1. If you wrap a convex hull around the C-alpha atoms of segment 54-102 and split its volume per residue, what is the figure in Å³?
2. For the charge dipole of segment 50-98, defined by +1 on Lys and Arg C-beta atoms and -1 on Asp and Glu C-beta atoms about the Cα centroid, which residue among 69, 97, 57 has the Cα displaced farthest towards the positive pole?
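What follows is calculated from the coordinates using simple rules that are stated; it is not laboratory data. These figures come from a predicted structure and were not determined experimentally. Cβ sites come from the backbone with ideal geometry, for glycine too, and all protein chains shown count toward neighbours.
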Amino acid sequence: MIEEKQMTNNNEQQTVSSRLERNQQKKRKPEKEEPSAKGRIWVQVRILPIWLRIILVLALMAGAVALGVTIGYGYIGDGNPADALKKETWTHIVDIIKGKES
């Protein structure tokens, strides 16, 4: 019977000590997580670099202008669509605007 009480006391001490240890570990965990959370730096990885995006936008704009000129001059106007991209056509248009030709 005495041995049973000692074993019970021993178990209670282990339970108390393990509770204390668990509580201390719970208190320690946030301390460990905070520095790692603060130390994390989020870095965005871009698929296309900015300089390539700028080049793509400029190329798409040039293509849209060329397509618009071709449609406007060739299909809406009375000209040939291929003539819209020739240099002679644009020099003629600029001369008309400046008043050199009528």
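1. Looking at segment 54-102, the number lands at 87 Å³ per residue.
2. Positive-most Cα among the choices belongs to 57.
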